[in-house]
Amino acid sequence: MEFREISHLGVGVAGNNDYTSSFSGSAIGSAAATNLIINTLPGEMRKVLEPSLRPVLLTKEQFLYQEEDKLEYIYFPETAVVSEFKILEDGRMVEIAVTGRDGAIGLSSLFCDSQTAPNCIQVSQAGTASRVDFETFDKLLRTNEKIRKDLSHFVDAHIRQISQKAICNMYHSVKERLCTWLLMIQDRCGRKILNLTHEQIARTLGVYRPSVTCIAQELRDSHLINYSRGGISICDRRRIEMSACSCYLELGRLATGH
């Protein structure tokens with residue numbers, strides 16, 4: 001597993017304008033505060049968690065966990081976006097959930113009293129996150145029932161997203177799903193230019209690359225998106241929302257209701 005841990009003394013990541021960051025002080029500081037779950041924790045709980053929380057940089061297409069791996073850490077994405085994949089019988093992967101600053105990787109398993117990754121977890125958009133040892137976070141929640149109850153709606157949102165995406169993958173067109181996915185990724189990373197390739201999108205949607213290439217060309221010709229090698233930008237967000245499936249209205253926005 002590859003990751004870069006960020007020094008608590010502050011590190012600037014050179015050469016990548018999308019997620020160049022400088023952390024000062026502890027991981028619970030301003031950078032970690034961009035994760036909604038960390039924000040949900042009361043001040044006293046955050047102080048207890050602070051010594052165990054570490055800022056890390058997640059790299060694009062990095063695997064955090066393979067299916068059935070032991071969950072060693074809970075990850076709280078900030079500017080990074082992470083996808084959860086189910087591997088099909090023919091070897092293809094299809095995304096069943098996407099998590100950014102609105103959630104945490106491993107939280108649903110913790111609530112189910114499991115320390116095993118139910119699916120494959122891979123980074124879709126490189127960026128920052130904070131992580132804490134699984135057992136440490138589990139112990140904190142077990143000793144504070146109110147916090148556990150407060151965080152349960154994040155788990156509920158994750159489960160609802162998996163259910164909705166199952167319907168989406170079965171009934172909605174590739175074009176609708178692509179537009180929905182682009183919106184969901186942008187909502188979670190907050191960047192104008194998304195570091196994506198047609199091959200990555202095809203793998204995420206569980207379709208063949210030529211289908212994505214044709215649809216992307218159609219969207220670009222209609223001035224909805226623009227793209228170059230490794231990057232896609234949304235030019236007309238309103239029209240992309242109109243082209244997306246109804247799943248975006250259900251689950252695409254951040255858990256705060258934004």
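Table for the structure above
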read-out: Residue tally, condition under 10 Å from Gly231 (Cα atoms), without any contact (Cβ under 8 Å) to a residue 60 or more places away in the chain and surrounded by fewer than 18 Cβ atoms within 10 Å (Cβ to Cβ), over segment 193-211; value: 1
read-out: Residue check, Glu218 over 22 Å from the mean Cα position of the chain (by Cα), acidic (Asp, Glu) and under 25 Å from Ile37 (Cβ atoms); value: no
read-out: Helices (runs of 4 or more DSSP H) wholly inside segment 190-258 that include at least 1 residues being modelled with pLDDT of 90 or more, in contact with a helix residue (DSSP H, G or I) (Cβ under 8 Å, 6 or more places away or on another chain) and at positive phi; value: none
read-out: Residues within segment 38-59 that are in a loop (DSSP other than H, G, I, E, B) and modelled with pLDDT under 95, tallied; value: 3
read-out: Residue match in segment 90-107 (condition: without any contact (Cβ under 8 Å) to a residue 40 or more places away in the chain, surrounded by fewer than 23 Cβ atoms within 10 Å (Cβ to Cβ) and either over 24 Å from Ser52 (Cβ atoms) or not assigned by TED's automatic domain parsing to the domain that holds Lys47 (or both)); value: yes
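The values are calculated or read from the model by the stated rules, or taken from the named source; none is laboratory data. Values in this document were obtained by computation on a predicted structure and should not be read as measured data. Positions of Cβ are backbone-derived with ideal geometry, glycine not excepted, and every protein chain shown enters the neighbour counts.
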